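Read-outs: derived from the displayed coordinates by stated rules, not from any lab. Keep in mind that this is a model prediction, so the values were computed, not measured. All Cβ positions, even for glycine, are placed from backbone atoms using ideal geometry, and neighbour counts span all protein chains on display.
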Amino acid sequence: MPLFANADPNFVTAMLTKLRFEVFQPADYIVREGTVGKKMYFIQHGVVTILTKGSKETKLSDGCYFG
């Protein structure tokens with residue numbers, strides 16, 4: 001993953017041990033605007049639609065990340 005291309009291998013290994021698989025259904029809210037986030041999400045398969053006040057809709061798909 002390009003995000004971690006230059007990261008220390010020990011950091012990447014430590015981070016990988018913390019990953020947890022989650023499944024979301026269509027119309028589920030993952031994060032609400034204005035909420036302080038404590039997680040990072042990596043999209044393995046599917047599409048996430050980002051809706052913010054006053055902004056155009058943005059879509060993220062396989063390989064994208066946010067949080």
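Taken together, VAL36, VAL31, VAL12, VAL23 contain a single residue that is within 19 Å of MET1 (Cα to Cα) and out of contact with any Pro (no Cβ under 8 Å at 6 or more places or on another chain), which is VAL12. Taken over region 1-12, the residue count meeting the criterion of being surrounded by fewer than 10 Cβ atoms within 10 Å (Cβ to Cβ) and either polar (S, T, N, Q) or free of Cβ contacts under 8 Å to residues at least 60 places away in the same chain (or both) is 6. LYS38 meets the stated requirement of being outside any strand (DSSP E or B) and not aromatic (Phe, Trp, Tyr). The criterion of being touching an Asp or Glu at 6+ places or on another chain (Cβ under 9 Å), of a type in the set (S, T, N, Q) and assigned to a loop (DSSP other than H, G, I, E, B) does not hold for GLN25. Just so you know, in region 33-44 the residues that are more than 10 Å from the chain's Cα centre (by Cα) and within 25 Å of MET15 (Cβ to Cβ) include one that is surrounded by the fewest Cβ atoms within 10 Å (Cβ to Cβ), and it is VAL36.
Since ALA14 meets every condition but one in (1) over 11 Å from the mean Cα position of the chain (by Cα); (2) outside any helix (DSSP H, G or I), which condition does it not meet? The one condition ALA14 does not meet is (2).
Looking across region 45-61 at every residue that is part of a loop (DSSP other than H, G, I, E, B) and loosely packed, with under 10 Cβ neighbours inside 10 Å, the one that is farthest from the chain's Cα centre (by Cα) is identified as GLY54.
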